[in-house]
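The values are calculated or read from the model by the stated rules, or taken from the named source; none is laboratory data. These numbers were taken from a predicted model, which means no experiment stands behind them. Positions of Cβ are backbone-derived with ideal geometry, glycine not excepted, and every protein chain shown enters the neighbour counts. These area figures cover heavy atoms from the full protein model, side chains too; ligands, DNA and RNA do not enter into them. Shrake-Rupley method; radii C 1.70, N 1.55, O 1.52, S 1.80 Å.
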Amino acid sequence: QVQLVESGGGLVQPGESLRLSCAASGMIYRIDAMGWYRQAPGKQRDMAAIITSDGTTHYAESVKGRFTISRDNAENTASLQMNSLKPEDTAVYYCYVYYMRHYYTGPAPYWGQGTQVTVSS
């Protein structure tokens, strides 16, 4: 099983920045993608940003130009730099990996426990 340790959430004012980090460990053969999903109160969990092992990034339209995802393949870590935060960015942010436990198993998704991000004046 993989373990995901998330850090960096908190309370900020609109326009400020936060940086989320995620470290993956445990039984990992390969991580094909890492990233962040988020879930606001009363809403479904949606993708915020994803980065693949070759560095290709995908962002939700609502965060493009404000959020930047990066990854260290050797360390199995990912970070999400969030700038110009808005109240609508308030959500629980979940670290996500799409990974293979063994060379003979197919890739599967896994989410962390989540970290709260609150943007409020």
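Looking at (1) closer than 20 Å to GLN1 by Cα; (2) among the aromatic types (Phe, Trp, Tyr); (3) free of Cβ contacts under 8 Å to residues at least 40 places away in the same chain, can you tell me which one TYR98 breaks?
Going through (1) closer than 20 Å to GLN1 by Cα; (2) among the aromatic types (Phe, Trp, Tyr); (3) free of Cβ contacts under 8 Å to residues at least 40 places away in the same chain one by one, TYR98 breaks only (3).
Would you mind telling me which numbered condition in (1) open to solvent by 40 Å² or more (accessible area, probe 1.4 Å); (2) more than 20 Å from GLN81 (Cβ to Cβ) ASP32 fails?
(1)
When both residues are 6+ apart or on different chains and their Cβ atoms are under 9 Å apart, which pairs have a first residue that lies in region 61-84 and is under 17 Å from THR115 (Cα atoms) and open to solvent by 50 Å² or more (accessible area, probe 1.4 Å), and a second that is modelled with pLDDT under 95 and part of a loop (DSSP other than H, G, I, E, B)?
If the second residue must be modelled with pLDDT under 95 and part of a loop (DSSP other than H, G, I, E, B), no pairs are left.
When you go through (1) open to solvent by 40 Å² or more (accessible area, probe 1.4 Å); (2) part of a strand (DSSP E or B) one by one for PRO41, which number turns out not to apply?
(2)
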